[in-house]
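Derivation of every value follows stated rules applied to the coordinates shown; laboratory data play no part. Since the structure is predicted, the reported quantities are computational estimates derived from the model, not experimental observations. Neighbour counts run over all protein chains shown; Cβ positions are idealised from the backbone, glycine included.
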Amino acid sequence: MQQVNSGIAYLVWCLCFFGVCGGQRFYTGNFASGVIYLATFGLFGFGQLIDLALIPGMVERRNLYLRGLYGGGNSNNVNQVTVNIGEIPQAQELQELQKLQAPKSSDASPMQKLLKAAKEHGGQLSIAQAAMSTKLEPEELKNLLEEAQKLGYAEMTNDSNTGAIRYKFDI
């Protein structure tokens, strides 16, 4: 799984000395603000300077998003399969490789379980449905749902008929 790196983000930040501002924002997945920085020379230089302190947080949020998106956790737990250049696997071998690389449902992170449940329920979950799918304690579930909102995976709404809280996922 590809991760973004703070060192590279700082190197891309240095492009501002050549008149290209906002590269660090593009690199960390903040495309809208990257365009704004590009058009305004990094918010007239002030935004670029502020980003020196914000880059570690932007990198962390991007990596958290990528781990949730691609089901990564700890890279130590990933089954790695290498293929020598001279050994091109046949179709059956490819299927076996894919089975080895596919995450097991028991290994799925709580965020993955939550997203899967949302997909199964048409993109909308009640708190009870989220609790049943993730098997988390209430405080942990609350933190997970807040994280889903921060990452842009979900938004909290109310049911139009009952007024109950619903989490609408962009799936």
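Taking other residues whose beta carbon is less than 12 angstrom from the beta carbon of Asn143, and scoring Lys, Arg as +1 and Asp, Glu as -1, yields -3. When Rg and the Kirkwood radius Rh are both evaluated on Cα atoms of the range 6-70, their ratio Rg/Rh stands at 0.98. Residues whose amide H comes within less than 5 Å of that of Gln124, counting only those at least five positions distant or on another chain, are Phe169 (H built at 1.01 Å from N in the peptide plane).
Using a/c under 1.5 as the rounded threshold, could you call the range 119-160 rounded, prolate or oblate? The axes a ≥ b ≥ c are square roots of the C-alpha gyration tensor eigenvalues, and prolate needs a/b larger than b/c, oblate otherwise.
Numbers: a/c = 1.56, a/b = 1.15, b/c = 1.37.
Judged from the Cα gyration tensor, the range 119-160 comes out oblate (a/c at least 1.5, b/c at or above a/b).
The H on the amide N of Arg166, modeled in the peptide plane, is under 5 Å from the matching H of Thr157, Asn158, Asp159, each at least 5 residues off or on a different chain.
Counting alpha carbon pairs within less than 8 Å and at least 6 residues apart, what relative contact order, in whole percent, applies to the range 104-171? Present the calculation step by step, with values, prior to reporting the outcome.
Values: 70 pairs, mean separation 23.1, N = 68.
Relative contact order of the range 104-171: 34 percent.
Based on Cα contacts under 8 Å between residues 6+ apart, the range 6-70 shows a relative contact order of 31 percent. Computed 3J(HN,Hα) for the range 18-33, one whole-Hz value per residue from the Karplus formula 6.51 cos²θ - 1.76 cosθ + 1.60 where θ = phi - 60°, is 10, x, 10, 9, x, x, 5, 6, 4, 4, 8, x, 9, 5, 4, 5, glycine and proline marked x. Between the alpha-carbon centres of the range 111-171 and the range 1-51 there is a gap of 32 Å.
Per-residue 3J(HN,Hα) values for the range 160-171, derived from phi via the Karplus relation 6.51 cos²θ - 1.76 cosθ + 1.60 with θ = phi - 60°, read 5, 8, 9, x, 5, 6, 10, 10, 9, 9, 8, 10 Hz in sequence order (x marks Gly and Pro).
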